[in-house]
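**Q** Got a structure for you, questions after.
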Number of protein chains: 2
Amino acid sequence: MSPRTTEQFEAMRIESKDRIIKSALKLFSSKGLFNTSIREIAKEAKVSDGLLYNYFKSKESLAIAVMRSSFDTVDEMIIAHSDQNPEVNIQSSIQNFIRLIENELDKIRLLAQMGFHKEKFEILNQLTVEKYESSVNKFHKNLKLLGVPNPKSEARFLVAILDGLVFEFLLMDNPFDIQKFKKELINKYCKS
Amino acid sequence: MSPRTTEQFEAMRIESKDRIIKSALKLFSSKGLFNTSIREIAKEAKVSDGLLYNYFKSKESLAIAVMRSSFDTVDEMIIAHSDQNPEVNIQSSIQNFIRLIENELDKIRLLAQMGFHKEKFEILNQLTVEKYESSVNKFHKNLKLLGVPNPKSEARFLVAILDGLVFEFLLMDNPFDIQKFKKELINKYCKS
DNA sequence: GTCTATACACGGATAGAC
DNA sequence: GTCTATCCGTGTATAGAC
C-alpha cells in the first residue's frame, strides 16, 4: 500500500474542516448556537465527534471560526467598486446589499444571532460597528456629492432602511416582494 | 398559628409567578433561551427549582409565557391614539417606537431571539407579520392624507427605518445618539 | 487523519417532606 | 405554597486503537 503524500493529507484536512464549518453554519443558523450539539454537527458533516476536536479545540472556537468565515463573505459582498459617479455608487451599494439578503441570509442570521447576546463575542461587536460606520460614511459622501440636503441624516436613514430590511427578512419569511422594494429604493435614491 | 386565607395564597402565587417571569425575561434576553438553565432562573427569582415547575409545566411553557408577556407590552406601547391630524399621528407613532427602544429593549431582544426559532414559536411569526402590516398601513394612510408622493413605498421605508433602528440597537450597544436620530426623523416626516 | 468508547458534568424534570 | 434530594438523559471533551 502506497503511503499518502503530504499533499493528499492536506487536501483531506481542508476538505473535512470545510465540511465541518459548512455544517456548523447550517445548524447554528437554523437552530441556534446553544441548541446545536457537537454530535449533530459531526453527523451532518459526516465525520466523527472525535475528529471535530482535531480541528477545533472547543465548540466555542468552532463557533468563532464559523462567525469569522460568515463575516468575511458578508464583508466581501458589501464592497462596492468605487466609481466617479455618486449615483452609480449608491445604486451599486444598495444592489450589493439586496444580493446579500437574497443569497446569504443564513450567514446574516448567524451573525445577528451571535450579536444579540449581551456578552457577545467582543470582536464581532467591534467589527459590526466598523461596518456600520463605514457604510454610513460612504453613503454620506455620495449623497453630499449629489447635493442632497442633510446628507448625513439621509445616509443614516438609508443604512437603517437596509438594516431594517434585513431584520424583517430574518423575522418574517419573505414578508413582501424584495425586488419591488429594491426598485422603490433605487427610484428614490437614484433619480436619474 | 392562623391559617392563611385564600387571598393571601393567591397573592403569594401571583408574586412568585411574576418574579419568575421577570427573572426569566432578564436571563433569556441577555444569555439566550438555550443558554439559560432552570436553576439559574429559579436562583435569580429566589425560589426553588421545584416551585418553578408548580407554575410552569416545562421550560418551553415558561418561555412562551415570557414571550406572550413581552409581546403584550410591545403591543401596548406601539398603539397611537388616532388623531384627526395625520402629522400628529405619524409623529406620535415614531415617538412611541423610540420610547419602546429606549425602555424595553430587553423584551424586544427576547422576541427577536425567539423569532429566530421558527419551529418552536410559530405563533410569534404570525403576530409579527400582523404588527408589521398594520404599521405599514397606518403610515400609508397618514402619508396619503398628507399628499406625499408614493405613500405606500414611503410607509414601507419608514417602517424599515424604525426596524433598522431596533436592529442596530440590538447589534451594537448604543451606536449613536437616538434622540438626535428621532429629531431627524420627525423633521423629515413632519415638516410643520 | 479518522474512528469508537467513555469519562464526567450539567440540565430538565419529578417525588415527597414540611 | 415551598423546599430538598434525586433520576436520568444529553452534551462536551478526551483517550486510545486503527
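**Q** For region A:34-56, what are the residues that are more than 6 Å from DNA strand D (Cβ to nearest atom) and among the charged types (D, E, K, R)?
**A** A:GLU40, A:LYS43, A:GLU44, A:LYS46
**Q** Restricting to region A:3-24, and then to whatever is buried (at least 17 other Cβ atoms within 10 Å of the Cβ) and among the hydroxyl-bearing types (Ser, Thr, Tyr), can you tell me which residue is farthest from the other protein chains (Cβ to nearest Cβ)?
**A** Selected residue: A:SER16.
**Q** So, in region B:25-43, of the ones that are within 10 Å of DNA strand C (Cβ to nearest atom) and in a helix (DSSP H, G or I), which residue ends up farthest from the other protein chains (Cβ to nearest Cβ)?
**A** B:ALA42
**Q** Can you work out which of the residues in region A:57-67 that are surrounded by fewer than 17 Cβ atoms within 10 Å (Cβ to Cβ) and over 15 Å from the mean Cα position of the chain (by Cα) is nearest to DNA strand D (Cβ to nearest atom)?
**A** A:SER58
**Q** If B:ASN89 satisfies every condition in (1) in contact with an Asp or Glu (Cβ under 7 Å, 6 or more places away or on another chain); (2) part of a loop (DSSP other than H, G, I, E, B); (3) more than 9 Å from every other protein chain (Cβ to nearest Cβ) but one, which is the exception?
**A** (2)
**Q** Pick from B:ASP106, B:ASP75, B:ASP83: which is more than 14 Å from chain A (Cβ to nearest Cβ) and either within 14 Å of DNA strand D (Cβ to nearest atom) or within 21 Å of the chain's Cα centre (by Cα) (or both)?
**A** Going through B:ASP106, B:ASP75, B:ASP83 in turn, the sole match is B:ASP75.
**Q** In addition: Quick test for you: out of A:LEU158, A:LEU185, A:LEU124, A:LEU143, pick the one residue that is in a helix (DSSP H, G or I), of a type in the set (A, V, I, L, M, F, W, C) and under 15 Å from the mean Cα position of the chain (by Cα).
**A** A:LEU124
**Q** Another one. Given B:SER70, B:SER29, which one is away from DNA strand D (no atom under 13 Å from the Cβ), modelled with pLDDT of 95 or more and in the same structural domain as B:GLU119 (by TED's automatic domain parsing)?
**A** Step by step, each of B:SER70, B:SER29 is checked, and only B:SER70 is away from DNA strand D (no atom under 13 Å from the Cβ), modelled with pLDDT of 95 or more and in the same structural domain as B:GLU119 (by TED's automatic domain parsing).
**Q** Pairs only if they're at least six apart or on different chains, beta carbon under 6 angstrom, first in region A:163-187 and facing another protein chain (nearest Cβ under 8 Å), second part of a loop (DSSP other than H, G, I, E, B); list them, first residue then second.
**A** A:GLU168/A:PRO175
**Q** Let me ask another. Within region A:92-107, does at least one residue satisfy the condition of being assigned to a loop (DSSP other than H, G, I, E, B), in contact with a helix residue (DSSP H, G or I) (Cβ under 8 Å, 6 or more places away or on another chain) and touching a residue at least 40 places away in the same chain (Cβ under 8 Å)?
**A** no
**Q** Moving on to the next point. Among the residues that make up region B:52-72, is at least one of them part of a loop (DSSP other than H, G, I, E, B), of a type outside the set (A, V, I, L, M) and away from DNA strand C (no atom under 16 Å from the Cβ)?
**A** Scanning region B:52-72 turns up no residue that is part of a loop (DSSP other than H, G, I, E, B), of a type outside the set (A, V, I, L, M) and away from DNA strand C (no atom under 16 Å from the Cβ).
The values are calculated or read from the model by the stated rules, or taken from the named source; none is laboratory data. All values reported here derive from a predicted model rather than from experimental measurement. Neighbour counts are summed over all protein chains in view; Cβ atoms, including those assigned to glycine, are modelled from backbone coordinates with ideal geometry.
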